[in-house]
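Chemist: Before we start, here is the structure in question, set down as structure tokens.
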Amino acid sequence: MFAVSAVRISPEDPLSGLELGERPEPGTEAPLPPGWTTVTVKAASLNHHDLWSLRGVGITDKQLPMVLGCDGAGVDEDGNEVVIHSVIGGLGTDEPRSILTEKYDGTFAQKVAVPRWNLLPKPEELSFEEACCLPTAWLTAYRMLFTNSGVRPGGTVLVQGAGGGVATALVVLGKAAGYRMWVTSRDAAKGERAVALGADRAFASGERLPERVDAVMETVGAATWSHSVRSLKAGGSLVISGATSGSDPSRGELTRIFFQEMRVVGSTMGDKDELAGLLSLCANSGVRPVIDTVLPLDRAREGFARMADGEQFGKIVFTV
């Protein structure tokens, strides 16, 4: 089968480890584990996690080659249209939690093997291209806002770094839920696009805000950490799900955090029930993922390059 794989690790030049070509279909070299099945992939979306894998984060040379791709939607062995929840194992199982591409091959292929439990019905209202955007970036945003922020509708939420998949999801979901959504960006054009999506205001990165906010959604990390803490009300929540600019800020802002009794909440992905809720929300409300680019899988390198250069606004999708 045709697949997009990581074949070597290079922190300096991650795309040099990307290979497009033939790989064995799941189950041909060894039988699938009990309870597993295959899905014929129709669409899969790119995440920063895939770039980090090429840099050697969460994966080692011993695990290569590894088919990349956390997100996917397709057709199961019984002909059902499904969405894949990419978290394998974890609570209630005998297997440590991982996501596709960390231990098991991912979705950038014609077929992928996953536990049957990880499959959810794809709502007929969503296309495969839309549905495949939800299980990682959009699920992360859903959990950040609705499970971990503690903000009620009407509250003000700041999203750092407009443009990425999680950030655009936060804007769309937050607006649909009745939050006042503010964003920051180094790129004024991306800030304007966020406003067009529903953000109430856009600010330059690091700009002083007119008032402090109830919660900050942080995915950038070191570059925006101090601004995030200083933008937060006393008792507010800083929810962090990523650190694309690095994980070691020059100032930890610990005194401000404890003195103003702020909450710092780590947030990773979401569970199957949350994904079901997100799918239902999109199907019933008209909310749809923001898609930057749709490319055939054999042009995946173009999508990786677009993400590596920071050019995208929304999700990059590969069709199979």
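The values are calculated or read from the model by the stated rules, or taken from the named source; none is laboratory data. Please read all numbers here as calculations on a predicted model, not as lab measurements. A quick note on method: Cβ atoms are made from the backbone with ideal geometry, for glycine too, and the neighbour counts reach across all protein chains shown. In case anyone asks, the SASA skips ligands and DNA or RNA and just uses the protein heavy atoms, side chains included. Shrake-Rupley method; radii C 1.70, N 1.55, O 1.52, S 1.80 Å.
Chemist: Of the residues that sit in the stretch 308-320 and are open to solvent by 10 Å² or more (accessible area, probe 1.4 Å) and of a type outside the set (S, T, N, Q), which one is nearest to residue 52 (Cα to Cα)?
Modeler: 308
Chemist: Within 27 Å of residue 126 (Cα to Cα), surrounded by fewer than 16 Cβ atoms within 10 Å (Cβ to Cβ), charged (D, E, K, R) and out of contact with any Cys (no Cβ under 8 Å at 6 or more places or on another chain) - does that describe any residue in the stretch 78-97?
Modeler: Yes: one or more hits.
Chemist: Separate question: I'd like the full set of residues that are outside any helix (DSSP H, G or I) and either of a type in the set (Ser, Thr, Tyr) or touching a strand residue (DSSP E or B) at 6+ places or on another chain (Cβ under 8 Å) (or both), limited to the stretch 166-185.
Modeler: 179, 180, 181, 182, 183, 184, 185
Chemist: Another one. Within the stretch 284-307, track down each residue that is part of a helix (DSSP H, G or I) and open to solvent by less than 50 Å² (accessible area, probe 1.4 Å).
Modeler: 297, 300, 303, 304, 305, 307 - these are the residues of the stretch 284-307 that are part of a helix (DSSP H, G or I) and open to solvent by less than 50 Å² (accessible area, probe 1.4 Å).
Chemist: Out of 196, 189, 176, which single residue is of a type in the set (A, V, I, L, M, F, W, C), open to solvent by 10 Å² or more (accessible area, probe 1.4 Å) and more than 20 Å from residue 288 (Cβ to Cβ)?
Modeler: 189 is the lone residue from the list that is of a type in the set (A, V, I, L, M, F, W, C), open to solvent by 10 Å² or more (accessible area, probe 1.4 Å) and more than 20 Å from residue 288 (Cβ to Cβ).
Quick grid of which residues meet (1) closer than 20 Å to residue 244 by Cβ; (2) among the basic types (Lys, Arg):
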residue	(1), (2)
131	no, no
143	yes, yes
151	no, no
154	no, no
159	yes, no
168	yes, no
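Chemist: Related question: Which pairs have Cβ atoms under 6 Å, sit 6 or more apart or on different chains, and link a residue in the stretch 27-54 that is within 17 Å of residue 114 (Cβ to Cβ) to one that is part of a strand (DSSP E or B) and modelled with pLDDT under 95?
Modeler: 45/315
Chemist: Can I ask one more? Name the single residue, out of those in the stretch 7-52 being closer than 23 Å to residue 291 by Cα, of a type outside the set (A, V, I, L, M, F, W, C) and at pLDDT below 95, that is surrounded by the most Cβ atoms within 10 Å (Cβ to Cβ).
Modeler: Top of the filtered list is 47.
Chemist: Among the residues of the stretch 212-232, write down those that are surrounded by fewer than 22 Cβ atoms within 10 Å (Cβ to Cβ) and under 14 Å from residue 161 (Cβ atoms).
Modeler: Scanning the stretch 212-232 gives 221, 222, 223.
Chemist: Here's a follow-up. Which residues, counting only those in the stretch 132-161, are assigned to a loop (DSSP other than H, G, I, E, B) and free of Cβ contacts under 8 Å to residues at least 60 places away in the same chain?
Modeler: Across the stretch 132-161, the qualifying residues are 152, 153, 154.
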